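Taking it in order: structure first as structure tokens, then the write-up.
Bear in mind these aren't lab numbers, they're just calculated from the coordinates by the rules spelled out. What you see is a predicted model; the values in this text were computed from it and never measured. Neighbour counts run over all protein chains shown; Cβ positions are idealised from the backbone, glycine included.
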Amino acid sequence: MRVPLQSIHQIEITSRCNLACRYCCHPKMKRAKVDMEWPIFMRAIAIAKFCQAQGAQGSLNLAGTGESTMHPQFVPMLAYAREELGKQQELVLATNGLLMTDALAQAMEPYRPKVFVSLHRPERAGPAVEALKRVGLLAGVSADPSLAATDWAGQVKWHVSAPRSACPWVKAGWGMVLSDGRITRCSFDSTGVGVIGHVNDAEQPYTSPYVLCKNCHQDVGVPFDEALPEGDTRTATSVLGAAAVGERTVSVAHITRRADQPHSLVQNDSPARRAVHAAQGKG
């Protein structure tokens, strides 16, 4: 089963984290732990915008296997995503709350993300919850490692209490952009084994079941023996896909030429530009 990429479900703006939880794959993650660069982020947003124009882009989560608030350009990235994708686009964020302050919550408030706080460190999560409540951004809290635990599709030694459920990734054509710009099949991919392309590619990426599906608590919907082997990164382009990718590539190439000045793509006095300037210390 192979499905064309339909939606960018997550953008991992950083793969760094300020915790080392036993129930998470991050401490032993083999992928590089890096911040996403502006050109990569802008390409990822351009692809999400293309998917949005096709009516296929669902909720966009600006987090992955890392703590997004650690990115030095976190607020400008949030601002850029909101300005490019519009007020109706649902932006979601999960955070451990360690870096959440009233000042950061207030800086995020104009861009209206739905924020979920994980209860990994209750002494820090509590104040984070209150700060987000004060600006109306708190969407919920998560105690999944205790209440709906997973073992990251067999990648960590932890009990599994999450109920068996249908996998939303493959059949829906969801993809996740890793911090280095590669596109992978799902959010459990801690090694890059599920990579199907890169945001710089001109070809239409196709997703499919892969090696992690075998031990995942989610049901991908096909027998595992139909899944593609580990490391398969094949892509294909249909006639319609080629036209769509061509249109997308023009947009993404335009962004790349100006990526050294990311604020040049937003309005002169827009909230996004002011956020970028503030992050760069320009006042």
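Shape of segment 1-45 from the C-alpha gyration tensor: oblate (a/c of 1.5 or more and a/b not above b/c, with a ≥ b ≥ c the square roots of its eigenvalues). Exposure proxy shown here: for SER118, SER59, the number of other Cβ atoms within 10 Å sets the order, fewest to most, as SER59, SER118. A simple count of charges around ALA32, restricted to other residues whose Cβ falls under 13 Å of its Cβ and scoring Lys, Arg +1 and Asp, Glu -1, yields +1.
Peptide packing: for 83-92, 179-188, 101-110, the average count of neighbouring Cβ atoms within 10 Å per residue gives the ranking 179-188, 101-110, 83-92, highest mean first. Partner lysines whose Cα lies under 30 Å from the Cα of LYS214, excluding those fewer than 8 positions away in the same chain, are identified as LYS28, LYS30, LYS33, LYS157, LYS171.
Excluding MET70 itself, what net charge comes from residues whose Cβ is under 9 Å from its Cβ, given Lys and Arg +1 and Asp and Glu -1?
-1
Packing-based ranking of 37-45, 164-172 yields 37-45, 164-172, ordered from highest to lowest mean Cβ neighbour count within 10 Å. Cross-link partners for LYS87 among the lysines, with Cα-Cα distance under 26 Å and sequence neighbours closer than 8 places in the same chain left out: LYS49, LYS114, LYS133. Highest-first packing order for the peptide set 190-203, 132-145 is 190-203, 132-145, based on the mean count of other beta carbon atoms within 10 Å. Around the amide H of CYS17, modelled in the peptide plane, lie the amide H atoms of GLU67, all under 5 Å away and 5 or more residues distant in sequence or on another chain. Using a cut-off of 9 Å between beta-carbons, work out the net charge of the residues near GLY197 (Lys and Arg +1, Asp and Glu -1, GLY197 not included). Combined, the nearby Lys, Arg, Asp and Glu give -1.
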